[in-house]
Amino acid sequence: MATTTSVSTATIRSPRRGSIGWFTEQSLHGMARRRALLGYLFILPTMLSILLFTAGPVIASFGLSFFQWNVIDDPVWLGLDNYRQLVNDERALQSFVTTAKFVVLALSLQIVVSLLLALGVQSLKSNGLRFFFRTAFFLPLLTSAASISIVLAYMFNQDFGVINYYLGKIGIGPVPWLNSAGWALITIVLAYVWQQVGFTFIVFTGGLAGINKEILEAADLDGATGFRRLWDITLPMLSPTLLFVGVTGVIAALQVFSEPFVMTNGGPGDATRTVVMVLYESAFSFLMIGYGSAIAVVLFTFILIVTAIQFRLSHRWVFYQ
Amino acid sequence: MASLTTASARSVVSEPHHRRRFGFGKIVTVLLLAAASVVMLAPIVYTISTSLRSPMESFTLPPKWIPTDPNWENYRTVFDTVPLKQFFLNSTVVTFCIVIGQLITAALAGYAFARLEFPGRSILFWLVLSTLMIPLQATIIPVFVLISKWHLSDTLASLILPALASAFGTFLMRQYFLQIPSDFEEAALLDGASQWEIFRSIYLPLAKGGLAVLAILTFNGYWNEFLRPLIFLSSQEKFTLPVGLVSLQGYMGTGSISVVLAGVLVSLIPVLIIYLIGQRYLVEGLMVGGLKG
């Protein structure tokens with residue numbers, strides 16, 4: 001399409017440069033060649049970087065998972081032994097269960113809270129209030145998960161934390177937020193959702209703004225209000241946004257690391273040890289490069305499977321306007 | 001026009017009905033949102049107020065939310081006794097290089113995929129896109145090996161080099177270049193402009209918004225990044241802020257949280273400034289991309 005337009009312009013245009021071979025040729029071919037060459041030059045840095053640091057390493061991770069290697073000595077071929085070891089490794093298996101629990105709890109809390117916040121803010125008339133709430137909900141997203149986890153760990157401290165202080169005032173507690181196996185995962189979920197909720201809030205705000213106003217008004221006239229309107233009209237209209245939030249949310253939550261690393265270091269016991277923590281310890285603390293790679297491959301496979309399932313099921317409930 | 005009048009007629013009809021039913025609901029909504037924003041802001045306010053208490057009284061309860069007797073000493077202490085200045089400098093160097101690198105590589109590649117024709121363009125673009133969903137954990141072990149083999153372990157370059165280009169940046173910039181009409185190019189060709197001039201002086205300035213979105217998202221992501229610096233860096237004088245602050249938490253023990261929190265707050269300031277300058281772009285970028293750091 002663009003080539004046909006450049007034919008006319010190239011022939012109209014008077015020759016400007018001297019001819020040193022095919023490259024400077026003032027013709028359709030010369031022009032197309034220059035464009036193509038420029039195209040390759042332009043994508044070269046990005047393609048090199050992606051091949052060297054993303055595409056190559058994914059394949060290498062897969063390859064390394066069949067070896068035993070500590071970076072220094074020569075790698076030893078193990079075949080599937082790393083995967084066999086993984087299936088029998090109680091601690092690693094537990095980390096997959098913990099991570100799965102975390103994903104379900106964190107994502108459902110995040111979606112419900114951010115959707116309610118987005119609906120609430122959308123119903124406001126005052127621009128000033130909208131701006132204030134949007135900024136307040138968004139601010140945690142700007143912080144570093146690791147640094148803010150230091151702060152949250154102090155606030156959730158059982159003995160001198162502010163949260164238990166206020167709960168004590170109303171006769172609750174002291175809650176062992178980070179000290180009991182049962183509570184620690186919930187605390188990690190709360191910390192994670194506190195930080196991430198602003199993202200889904202913004203995405204839902206965008207999704208709600210995209211819903212056709214006339215449909216909502218028609219629903220109003222038909223007497224559909226409150227919860228019925230939300231369930232029968234708003235949510236179906238929001239389903240593409242929900243799919244997006246679901247897919248990105250699962251991928252992000254499966255990779256949770258900073259919060260448990262800083263707040264509990266995986267404890268008490270192994271109660272908050274996530275997959276990425278076990279991967280980190282295996283590969284970088286114990287230099288079990290092959291075993292760590294096997295965990296990485298399994299995690300990546302889970303991410304691909306969950307994403308595929310979500311897209312597969314989406315045609316049943318996602319409704320495009 | 002017709003639909004406009006019917007719409008306003010409708011709202012006039014339903015207005016009094018609404019007001020009676022939702023007057024109370026509106027107040028409850030605002031109160032609930034206000035409660036939510038208290039929860040969302042509390043950790044940040046807690047960081048500010050506790051960082052201004054003396055180390056001795058930083059544990060005492062009740063917490064003092066409004067510092068009546070601010071102790072600015074903590075800020076001197078973090079800069080004097082712990083290498084916070086060094087962490088800050090390291091974070092600045094790493095983030096700055098990555099942002100500049102990504103702006104250049106993404107602008108070039110995004111333009112090529114949007115506007116230049118070359119054999120294999122769609123296959124190569126598909127290849128770039130397919131790497132978008134690859135998580136950091138699936139690549140970090142081989143990249144760590146590569147970094148060690150190149151003798152870059154424990155250098156800032158180990159963080160910068162692998163992050164100079166990204167599939168997300170390429171995708172984002174391509175979207176921006178696609179939105180610009182191609183008439184500009186034809187006019188410029190008639191004036192005898194070269195392909196490079198067309199890119200540099202016509203299309204690049206028109207894609208400023210995309211560059212701003214990319215700069216802000218990249219800044220936010222890499223300034224706050226934790227896993228890669230934790231793995232690639234080992235000596236304290238190379239640490240970036242998040243890793244440095246977490247190392248302080250252990251090193252300082254629980255003796256002086258106010259000093260650690262002063263460090264946390266210092267690390268927050270550049271992000272807040274960037275947010276104030278470019279919040280429009282940040283929000284827009286999050287809507288487009290949905291990627292986080």
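Per-residue answers, yes or no, for (1) assigned to a helix (DSSP H, G or I); (2) buried (at least 19 other Cβ atoms within 10 Å of the Cβ):
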{"residue": "B:PHE113", "(1), (2)": "yes, yes"}
{"residue": "B:PRO119", "(1), (2)": "no, no"}
{"residue": "B:LEU124", "(1), (2)": "yes, yes"}
{"residue": "B:LEU127", "(1), (2)": "yes, no"}
{"residue": "B:GLN137", "(1), (2)": "yes, yes"}
{"residue": "B:PRO142", "(1), (2)": "yes, yes"}
{"residue": "B:HIS151", "(1), (2)": "no, no"}
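Candidates are the residues of region B:170-201 that are within 30 Å of B:MET133 (Cα to Cα) and of a type in the set (Ser, Thr, Tyr); the one that is surrounded by the most Cβ atoms within 10 Å (Cβ to Cβ) is B:THR170. Taking the conditions exactly as written (of a type in the set (S, T, N, Q), closer than 30 Å to B:SER49 by Cβ and at pLDDT below 90), does A:GLN158 satisfy them or not? When the stated conditions are applied, A:GLN158 passes them. Beta carbons closer than 7 Å, at least 6 apart along the sequence or on distinct chains, pair a first residue in region A:207-219 that is closer than 19 Å to A:PHE244 by Cα with a second that is surrounded by 13 or more Cβ atoms within 10 Å (Cβ to Cβ) and not hydrophobic (A, V, I, L, M, F, W, C) for A:GLY207/A:THR241; A:LEU208/A:GLN122; A:ILE211/A:THR234.
Do you know which residues across region A:165-189 are within 15 Å of A:MET263 (Cβ to Cβ) and without any contact (Cβ under 8 Å) to a residue 40 or more places away in the chain?
To start, the set of residues in region A:165-189 that are within 15 Å of A:MET263 (Cβ to Cβ) comprises A:175-181, A:183-189.
Listed by number, the residues that qualify are A:VAL175, A:PRO176, A:TRP177, A:TRP183.
The residues in region A:129-146 that are buried (at least 17 other Cβ atoms within 10 Å of the Cβ) and more than 26 Å from A:GLY246 (Cα to Cα) can be counted, and the count is 0.
Restricting attention to region A:291-306, does a residue exist that is away from chain B (no Cβ under 11 Å), among the β-branched types (Val, Ile, Thr) and without any contact (Cβ under 8 Å) to a residue 12 or more places away in the chain? Yes, region A:291-306 contains a residue that is away from chain B (no Cβ under 11 Å), among the β-branched types (Val, Ile, Thr) and without any contact (Cβ under 8 Å) to a residue 12 or more places away in the chain. Screening region B:165-233 for helices (runs of 4 or more DSSP H) wholly inside it with 3 or more residues that are among the charged types (D, E, K, R) returns the ranges B:183-190. Out of everything in region A:244-290 that is farther than 26 Å from A:ALA60 by Cα and among the acidic types (Asp, Glu), what residue ends up being nearest to the other protein chains (Cβ to nearest Cβ)? Going through the qualifying residues, I end up with A:GLU259.
Only one entry in A:SER126, A:SER114, A:SER108, A:SER180 is more than 7 Å from every other protein chain (Cβ to nearest Cβ), surrounded by fewer than 18 Cβ atoms within 10 Å (Cβ to Cβ) and within 16 Å of the chain's Cα centre (by Cα), namely A:SER108.
Among the conditions (1) in contact with a Leu (Cβ under 9 Å, 6 or more places away or on another chain); (2) more than 10 Å from chain A (Cβ to nearest Cβ); (3) closer than 30 Å to A:THR307 by Cα, the only one that B:THR105 does not satisfy is (2).
When only residues in region A:49-105 that are within 29 Å of A:GLY198 (Cβ to Cβ) and of a type in the set (A, V, I, L, M) count, which is surrounded by the fewest Cβ atoms within 10 Å (Cβ to Cβ)? Once the filter is applied, the top-ranked residue is A:VAL97.
So which residues in region A:45-103 are of a type in the set (Gly, Ala, Ser), without any contact (Cβ under 8 Å) to a residue 12 or more places away in the chain and more than 11 Å from chain B (Cβ to nearest Cβ), if there are any at all? The answer is A:ALA100, and nothing else.
May I ask you to verify whether A:GLY171 is modelled with pLDDT under 95 and over 18 Å from B:ALA35 (Cα atoms)? When the stated conditions are applied, A:GLY171 passes them.
Could we say that B:LEU261 is over 30 Å from B:VAL143 (Cα atoms), within 13 Å of the chain's Cα centre (by Cα) and at pLDDT 75 or above here? Before the answer, list the steps.
Values: over 30 Å from B:VAL143 (Cα atoms): yes; within 13 Å of the chain's Cα centre (by Cα): no; at pLDDT 75 or above: yes.
No: the conditions fail for B:LEU261.
The values are calculated or read from the model by the stated rules, or taken from the named source; none is laboratory data. All of these numbers come straight from a predicted model, not from anything done at the bench. Don't worry about glycine lacking a Cβ; one is built from the backbone with ideal geometry, like all the others, and counts go over all protein chains shown.
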